[in-house]
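The values are calculated or read from the model by the stated rules, or taken from the named source; none is laboratory data. In this text the structure is predicted, and so the values were computed from the model without any measurement. Backbone-built Cβ (ideal geometry, glycine too); neighbour counts: all protein chains shown.
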C-alpha cells in the first residue's frame, strides 16, 4: 500500500494550506504523541507500531491525481497555488524520536516526537495516531493475556474478528511483540517472519464420512504438526479416536464447553492411551481473566488460542492518544506552546523520559539528570529514528521488539502487571525544569 498523504483528516490539509498562506510553512514545529491517561484496566501501555510509523514518514508523498482531487475540494478553493506546488514535491525532511517498540510507557510520556517544518509535521498526525495507538493497544492486551497464561503458550487467533484484514495483520504483529508465540495469520508470517499455527477447523471433520477418516487424513498431511479439533461431535469420543491413531501428532484442541473440566478428562484419555506428550490447546472466547481462572484451577492446558478479545482489545478498544504541538522555532528562536484548557492541559517543550529502576522522570529533552552515588543509572527512552529525513539505522524488527518487551515487563513491579490491582500506578514525575517552562508557554 502506497504511503499517501491523503491518509489523514481533512483539517490537517486545510491547516497545511493555511500555514503556506500565512508564510509559516518553513517554521520548525515539534509535536509529541502521548496518552493523557491510561485506558481502562491498564497499568501500562506497551509501545508498538514504530516500524510502520517510520516507514510511513520516509515514503510519504502525494500523487498528481491526489493533488488534483484536493484542488477540487471546496474547502481548499482559496488555497494558494504554492500549497499545491509544495504537495507535488512533498517529502518528510524532519526528525523522528521515539521509544523503542516493546517499551512500557505511562500517561503523560511521549511515545514519539516529530520535529519538522510545520506542514510536514502536521499532515502525518492522523496516520501516526492510528498506527501507534492501534498496535500499542493490541500489544498491551497481549502482554496481559500472556501474563495470565504464566508459562503456557498463547497464539493470536483474531484476524477473522478484527475490524479489517489489515487490522488483523497488524494485530498479529503487535500481539507477537506483546508475548504471543505466534499467529494464525499467514500474511503476518510472510511479512514479518512471525511463527504461524493452525491445522483444521470443524468443517474439515464434517466434510468426511467419519471422524476417524478426517483425523487420519490430517495426520497423513501434517505429521508431527497435527492438532486435532476434537469437539465437533463428542469431545471424549474424539480424544479416544486420537489415541487409536497414535503418533505422530502435536496434540488436540478444544473449542467449546467447560474447558477446565473437559481438558482434565481429555488429559486422562491421552495419558491412559499412551500419549502423555500430546498437548492440549484450548480456544473459544478466551481473555486474560478466563485464562487466569484456568491456570489457577490447574487445568492441564498447554496453549491458548485467543481471538476476538485480543485482536480488538475489547475491554479497552482505544488508547485515546493525542498529538500536540509543544514547540515552535522561527529563525533560531524557540517558543514553547501548551494547552491550558480544563482536563486537557499539556506541558510545553520537547521532552525526554528518564527511566530509573523504580520510577520515571519526564524532563526537558536537553536535560542530563544525575544519579545518586551508587544508584543504577537511568535510561533515556526517546531515541533518534529519523534525522533530516534519513533513517538513522535499520529499524528494529519484531523479534528485537518482542525481546525488549519481555525484558522490560520483567523489570516492572509485579503490581503493575496485575490484572486486578489498578490503584497503585507506576510513579512518573516531572522535572522542575520542565514544569518551569509552563510560565513561558503561549
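So, residue 296, is that one under 30 Å from residue 312 (Cβ atoms), out of contact with any strand residue (DSSP E or B) (no Cβ under 8 Å at 6 or more places or on another chain), at pLDDT 95 or above and surrounded by 12 or more Cβ atoms within 10 Å (Cβ to Cβ) or not? Steps first, answer last, please.
Numbers: under 30 Å from residue 312 (Cβ atoms): yes; out of contact with any strand residue (DSSP E or B) (no Cβ under 8 Å at 6 or more places or on another chain): yes; at pLDDT 95 or above: yes; surrounded by 12 or more Cβ atoms within 10 Å (Cβ to Cβ): no.
So residue 296 does not fit the description; no.
Of all the residues in the range 416-440, those that are over 17 Å from residue 353 (Cα atoms), out of contact with any helix residue (DSSP H, G or I) (no Cβ under 7 Å at 6 or more places or on another chain) and surrounded by 14 or more Cβ atoms within 10 Å (Cβ to Cβ) number 4. Scanning the range 302-312 for residues that are buried (at least 24 other Cβ atoms within 10 Å of the Cβ) and part of a loop (DSSP other than H, G, I, E, B) yields a total of 0.
Among the conditions (1) in contact (Cβ under 8 Å) with a residue 40 or more places away in the chain; (2) surrounded by 15 or more Cβ atoms within 10 Å (Cβ to Cβ), the only one that residue 320 does not satisfy is (2).
Counting only strands (runs of 3 or more DSSP E) that sit wholly inside the range 337-430, those with at least 3 residues that are under 16 Å from residue 100 (Cβ atoms) are 351-355, 383-387. Of the listed requirements (1) surrounded by fewer than 22 Cβ atoms within 10 Å (Cβ to Cβ); (2) in contact (Cβ under 8 Å) with a residue 24 or more places away in the chain; (3) under 30 Å from residue 173 (Cβ atoms), residue 226 misses just one: (1). If you go through the range 93-120 and pick out every residue that is closer than 16 Å to residue 59 by Cα, buried (at least 24 other Cβ atoms within 10 Å of the Cβ) and within 24 Å of the chain's Cα centre (by Cα), you end up with 2.
Condition test on residue 387, is it in contact with a strand residue (DSSP E or B) (Cβ under 7 Å, 6 or more places away or on another chain), at negative phi and in the same structural domain as residue 28 (by TED's automatic domain parsing)? Lay out the reasoning, then the answer.
Values: in contact with a strand residue (DSSP E or B) (Cβ under 7 Å, 6 or more places away or on another chain): yes; at negative phi: yes; in the same structural domain as residue 28 (by TED's automatic domain parsing): yes.
The answer is yes for residue 387.
Selection of the range 149-203 for residues being at positive phi and touching a helix residue (DSSP H, G or I) at 6+ places or on another chain (Cβ under 6 Å) yields 150, 179. Here the condition is being modelled with pLDDT of 95 or more, assigned to a loop (DSSP other than H, G, I, E, B), assigned by TED's automatic domain parsing to the domain that holds residue 417 and out of contact with any strand residue (DSSP E or B) (no Cβ under 6 Å at 6 or more places or on another chain); of 92, 84, it holds for 92 alone.
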